[in-house]
Each structure stands twice: as structure tokens, then as C-alpha cells.
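Q: One structure, pasted below without further comment.
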Amino acid sequence: MKNYYYAVATKRFLFIEEPIEEILRERINYYKRISKGIDFWLLDNIELLNNNEIFLLQEQFEEPLVALISTNLNFINWIKLRVVYIKTGKLQNIDIANLDTKLVDNIIVKELI
């Protein structure tokens with residue numbers, strides 16, 4: 001069974017104030033160099049995650065949130081250190097069988113590859 005971890009921030013923060021596209025592009029290039037498959041997804045539709053903790057965060061902000069999802073906890077921790085102003089956690093009680101399909105169908109990272 002896969003574990004999924006997340007890093008959540010406002011869309012404005014990640015796309016305007018932080019160079020998230022550049023950070024993820026560098027990570028993709030690193031993964032290519034070491035022949036590792038992509039293990040993260042950037043979602044701008046957090047409702048797909050059906051996660052109460054993320055929904056509560058959405059209620060606290062008046063701006064849309066985006067989520068970076070990964071099966072690699074070290075990557076999420078690295079993003080937290082790199083970006084700082086994000087909320088991280090582990091996805092609990094999710095429908096794992098359908099999550100991979102939802103992530104692939106709604107991925108933003110594929111535009112960076």
C-alpha cells in the first residue's frame with residue numbers, strides 16, 4: 001500500500017511568490033539524470049483529494065489552494081524546507097485505488113516534463 005504525502009499552499013503563493021515551476025523542473029531533471037520515475041503531482045483541484053484537513057485549510061484562506069502530492073516523504077520534507085510557508089501532512093483515509101488515476105488525469109507537472 002502506498003502512502004501519499006502533501007504540501008499545500010495558496011495558488012498565488014506557489015505560482016507567483018515562489019518559483020515552484022523552476023523548483024519542480026529542476027527536480028524532474030534530477031530524476032531523469034538518475035533514471036527515477038516521477039513520484040509527485042501538482043494539483044490545482046484539491047477536491048480530488050477528499051481530505052478534511054485540506055478542506056479545513058481551504059476554509060481558512062480566501063484564495064484557492066494547490067497541493068503537491070508525493071509518495072516520497074523526503075521530497076515533501078525537502079519542499080517544506082525550500083518553500084517554508086506551506087502546510088504538510090499525510091493523506092489519511094483516502095481511496096487509494098482511484099487516487100493514482102485522479103492524479104494522472106489532473107496533473108500539472110506533466111506540462112513541465
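Q: Could you tell me which numbered condition ASP44 fails, if it satisfies all but one of (1) in contact with a Phe, Trp or Tyr (Cβ under 8 Å, 6 or more places away or on another chain); (2) acidic (Asp, Glu); (3) within 13 Å of TYR6 (Cα to Cα)?
A: All conditions are met except number (1).
Q: Just for the range 1-56: of the residues that are out of contact with any Leu (no Cβ under 7 Å at 6 or more places or on another chain) and acidic (Asp, Glu), which one is farthest from LEU73 (Cα to Cα)?
A: If we take residues in the range 1-56 being out of contact with any Leu (no Cβ under 7 Å at 6 or more places or on another chain) and acidic (Asp, Glu), then GLU17 is farthest from LEU73 (Cα to Cα).
Q: Something else now. Which condition number does ARG25 fail, the rest of (1) under 14 Å from LYS90 (Cα atoms); (2) assigned to a helix (DSSP H, G or I); (3) touching a residue at least 12 places away in the same chain (Cβ under 8 Å); (4) out of contact with any helix residue (DSSP H, G or I) (no Cβ under 7 Å at 6 or more places or on another chain) being met?
A: (1)
Q: Another question, then. If a residue has to be under 19 Å from ILE38 (Cα atoms) and either modelled with pLDDT of 90 or more or part of a strand (DSSP E or B) (or both) to count, how many in the range 89-113 make the cut?
A: First, the residues of the range 89-113 that are under 19 Å from ILE38 (Cα atoms): 90-91, 96-113.
Add one more test, that the residue is either modelled with pLDDT of 90 or more or part of a strand (DSSP E or B) (or both), and what stays is 90.
Within the range 89-113, residues that are under 19 Å from ILE38 (Cα atoms) and either modelled with pLDDT of 90 or more or part of a strand (DSSP E or B) (or both) number 1.
Q: Pairs, please: C-beta under 8 Å, at least 6 apart or cross-chain, first residue of a type in the set (D, E, K, R) and in the range 43-66, second loosely packed, with under 11 Cβ neighbours inside 10 Å?
A: Taking only residues 6 or more apart or on different chains, the pairs are GLU53/GLN92.
Q: In the range 31-54, is there at least one residue being hydrophobic (A, V, I, L, M, F, W, C), in a helix (DSSP H, G or I) and surrounded by fewer than 16 Cβ atoms within 10 Å (Cβ to Cβ)?
A: Step one: list which residues in the range 31-54 are hydrophobic (A, V, I, L, M, F, W, C), which gives 34, 38, 40-43, 46, 48-49, 54.
Still in the list and also in a helix (DSSP H, G or I): 46, 48-49, 54.
With surrounded by fewer than 16 Cβ atoms within 10 Å (Cβ to Cβ) added as a condition, the list becomes none.
For the range 31-54, residues hydrophobic (A, V, I, L, M, F, W, C), in a helix (DSSP H, G or I) and surrounded by fewer than 16 Cβ atoms within 10 Å (Cβ to Cβ): absent.
Q: Let me ask you something else. Give the residues of the range 67-83 that are loosely packed, with under 14 Cβ neighbours inside 10 Å, free of Cβ contacts under 8 Å to residues at least 60 places away in the same chain and hydrophobic (A, V, I, L, M, F, W, C), sorted by residue number.
A: LEU81
The values are calculated or read from the model by the stated rules, or taken from the named source; none is laboratory data. None of the values given here were measured: they were computed from a predicted structure. Backbone-built Cβ (ideal geometry, glycine too); neighbour counts: all protein chains shown.
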